[in-house]
Amino acid sequence: MRKALRWLLALTVFIGTLSTAGAATAAQSEPTDIKDRLLSIPGMSLIQEKPYPGYRYFVLNYTQPVDHRHPDRGTFQQRITVLHKDVSRPTVFYTSGYNVSTTPSRREPTQIVDGNQVSLEYRFFTPSRPAPADWSKLDIWQAASDQHRVYEALKPLYSANWLATGGSKGGMTATYYERFYPRDMDGVVAYVAPNDVVNKEDSAYDRFFARVGTKECRDRLNAVQREALVRREPLEAKYAQYAADNHYTFDTIGGLDKAYEAVVLDYVWGFWQYSLLKDCDSVPANAATATDDAIWDSVDTISGFSAYTDQGLEQYTPYYYQAGTQLGAPTIHFPYIERKLIRYGYQPPRNFVPRSIPMRFQPGAMRNVDTWVRHHAHQMLFVYGQNDPWGSERFRLGAGARDSYVFTAPGLNHGANVAGLVPDEKALATARILEWAGVASPTVEKNPSAAKPLARYDAKLDVRDMEREPALRP
């Protein structure tokens, strides 16, 4: 009997030793460094690691299916960046809706929650473009599915709460992601996100331009815009020389004349999108007596004469394709300019996309998202600028929305943010962001007015200015 007991005890010890050894081997085989953990994700590869105090910053490629409905029909490499602080901190999922910057930066919600930040390049913006490019696979559902796969890949590493954010087209992107994958994120902070529900009905923009700012400022801007059309001949000669000097061409839009008018008609919109009321002092006070160079310089500074060249349009082909197939695009009128001076008016997105790329508009796409937001928004925050033309058509909340908000920052433009809200709304927005991220203190939970960003402001890391794009691109 004793022999049997001794044998059983020895067997138990032997099995325990094997189990301990196996666990140790498994522990040794699992990477602990965050770079190794990221690169252990199937399909993830490193482009570069860049140092930044207090963080690890990685530029990565992630293998994505071209078509999420048919993942066996080809893949492409999508660029992402990870600003890593700590796996125990919340994570902010950011996209601009365009290219991703490879310079370390921290968006406002990331500073507020003192968390990690994952930034994603939008599909079809180079280099994140399939080859060959099947443009029919560039739509808001496919892009949302890109985000969903990245989230699923990274969630096991970053297991705390996640927030989606973005500004302008990035705010639209964050909203579409929430609409199609509402269980992924714990909250959404969408900045200055346009919402063009009915593409053919744009009267809200005309009403905006009739009352924005002051009459004196509007009159100055309108006069410069009109004068640029009155002086079309000499300024187009200057434009032709400018194009020749910079090797610019105009094949996509269909000629220098069309490009010139498009730049000029962007002028007033571009001012309010990127400037503040105080900047009216930089606009020529008397357009009729201003020199050609003064008119040219003002238009170029605000609208950018390179915007509608082939070279200026190329980078934004994916945006114009989406504007002409799902997102919609604004059309405004110019009652202060004689009809004879305007030859083309606001041109449709089709004019800015190479003719080799087929396009067909889907009028129900934005209506679907708008209806969902009105009835199902949960833990979503929309921030707009009072003087931003893109806010003329915005997201609004209906009776079905829960713990969701739409705030407007007084006097601000397309760079509006939580910091620019009036004090009560700023505190409430900050408190809700902290709560959604799971890092609100008991004090903030009891008293939202005490809410403040958890991370100190970093002048290099915290990008407060909007990402400047040429006018008429959100």
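The values are calculated or read from the model by the stated rules, or taken from the named source; none is laboratory data. Source: prediction; values computed, not measured. Positions of Cβ are backbone-derived with ideal geometry, glycine not excepted, and every protein chain shown enters the neighbour counts. Protein only, heavy atoms only, side chains kept; ligands, DNA and RNA dropped before computing areas. Shrake-Rupley method; radii C 1.70, N 1.55, O 1.52, S 1.80 Å.
Among the residues of segment 292-300, none qualifies, meaning not one is out of contact with any Phe, Trp or Tyr (no Cβ under 7 Å at 6 or more places or on another chain) and closer than 28 Å to residue 189 by Cα.
When segment 367-376 is limited to residues that are hydrophobic (A, V, I, L, M, F, W, C) and touching a Phe, Trp or Tyr at 6+ places or on another chain (Cβ under 8 Å), the one that is surrounded by the most Cβ atoms within 10 Å (Cβ to Cβ) turns out to be 373.
Can you find, within segment 29-38, the residue that is surrounded by the most Cβ atoms within 10 Å (Cβ to Cβ) among those that are in contact (Cβ under 8 Å) with a residue 12 or more places away in the chain and not basic (Lys, Arg)? Reasoning before the result, please.
Filtering segment 29-38 for residues in contact (Cβ under 8 Å) with a residue 12 or more places away in the chain gives 34-35, 37-38.
Checking the rest, the ones that are also not basic (Lys, Arg) come to 34, 38.
Working: 34: 18, 38: 23.
Here the answer is 38.
For segment 281-306, taking the residues that are among the small types (Gly, Ala, Ser) and in contact with a helix residue (DSSP H, G or I) (Cβ under 6 Å, 6 or more places away or on another chain), the one that is nearest to residue 230 (Cα to Cα) is identified as 287.
Would you say residue 43 is within 28 Å of residue 158 (Cα to Cα), small (Gly, Ala, Ser), at pLDDT below 50 and open to solvent by less than 60 Å² (accessible area, probe 1.4 Å)? Explain how you work it out, then say what you get.
Working: within 28 Å of residue 158 (Cα to Cα): yes; small (Gly, Ala, Ser): yes; at pLDDT below 50: no; open to solvent by less than 60 Å² (accessible area, probe 1.4 Å): yes.
It is false that residue 43 is within 28 Å of residue 158 (Cα to Cα), small (Gly, Ala, Ser), at pLDDT below 50 and open to solvent by less than 60 Å² (accessible area, probe 1.4 Å).
Listed here are the strands (runs of 3 or more DSSP E) enclosed by segment 49-108 that have at least 3 residues being touching a Gly at 6+ places or on another chain (Cβ under 9 Å) and crowded, with 16+ Cβ neighbours inside 10 Å: 55-65, 91-94. Taking segment 250-275, which residues are more than 14 Å from residue 299 (Cβ to Cβ), free of Cβ contacts under 8 Å to residues at least 60 places away in the same chain and either assigned to a helix (DSSP H, G or I) or in contact with a Ser or Thr (Cβ under 7 Å, 6 or more places away or on another chain) (or both)? Scanning segment 250-275 gives a single hit, 256. Just one of (1) surrounded by fewer than 20 Cβ atoms within 10 Å (Cβ to Cβ); (2) in contact with a helix residue (DSSP H, G or I) (Cβ under 7 Å, 6 or more places away or on another chain); (3) not hydrophobic (A, V, I, L, M, F, W, C) fails for residue 126. It is (2).
Restricting 429, 455, 440, 459 to those that are open to solvent by less than 50 Å² (accessible area, probe 1.4 Å), free of Cβ contacts under 8 Å to residues at least 40 places away in the same chain and farther than 25 Å from residue 218 by Cα reduces the list to 440. Restricting segment 350-366 to residues that are part of a helix (DSSP H, G or I), open to solvent by 20 Å² or more (accessible area, probe 1.4 Å) and of a type outside the set (S, T, N, Q) leaves a set whose member that is farthest from residue 98 (Cα to Cα) is 364.
Answer yes or no as to whether residue 310 is under 20 Å from residue 98 (Cβ atoms) and open to solvent by 20 Å² or more (accessible area, probe 1.4 Å). Yes. Take the residues in segment 237-257 that are crowded, with 17+ Cβ neighbours inside 10 Å, under 21 Å from residue 345 (Cα atoms) and not hydrophobic (A, V, I, L, M, F, W, C), then tell me which one is nearest to the chain's Cα centre (by Cα). For segment 237-257, the residue satisfying everything is 252. Considering only residues in segment 177-201 that are assigned to a helix (DSSP H, G or I) and among the aromatic types (Phe, Trp, Tyr), the one that is nearest to residue 92 (Cα to Cα) turns out to be 177. Residue selection: residue 278 fails the criterion of being assigned to a helix (DSSP H, G or I), in contact (Cβ under 8 Å) with a residue 12 or more places away in the chain and open to solvent by 10 Å² or more (accessible area, probe 1.4 Å).
One residue alone among 174, 210, 204, 153 is assigned to a helix (DSSP H, G or I) and either over 23 Å from the mean Cα position of the chain (by Cα) or modelled with pLDDT under 95 (or both), and that residue is 210. For segment 129-150, which residues satisfy the criterion of being in a helix (DSSP H, G or I), over 30 Å from residue 439 (Cα atoms) and not aliphatic (A, V, I, L, M)? The answer is 135, 136, 137, 141, 142.
Is it the case that residue 337 is surrounded by fewer than 21 Cβ atoms within 10 Å (Cβ to Cβ), in contact with a Phe, Trp or Tyr (Cβ under 7 Å, 6 or more places away or on another chain) and touching a residue at least 40 places away in the same chain (Cβ under 8 Å)? Criteria not met by residue 337. Test residue 381 against the criterion of being part of a strand (DSSP E or B), of a type outside the set (Ser, Thr, Tyr) and surrounded by 14 or more Cβ atoms within 10 Å (Cβ to Cβ), and give yes or no. So residue 381 passes the test. Checked against (1) open to solvent by 40 Å² or more (accessible area, probe 1.4 Å); (2) of a type outside the set (A, V, I, L, M); (3) assigned to a loop (DSSP other than H, G, I, E, B), residue 415 passes all but a single condition, namely (1). Residue 210 meets each of the listed conditions (1) in contact (Cβ under 8 Å) with a residue 40 or more places away in the chain; (2) open to solvent by 60 Å² or more (accessible area, probe 1.4 Å); (3) not hydroxyl-bearing (Ser, Thr, Tyr) apart from (1).
Exactly one residue out of 163, 138 is under 27 Å from residue 420 (Cα atoms) and either at pLDDT 95 or above or of a type in the set (Lys, Arg) (or both), and it is 163. Remark: pairs (first residue in segment 131-148, of a type in the set (Lys, Arg); second residue part of a loop (DSSP other than H, G, I, E, B); Cβ separation under 6 Å; 6+ apart in sequence or on different chains) = 137/66; 137/67.
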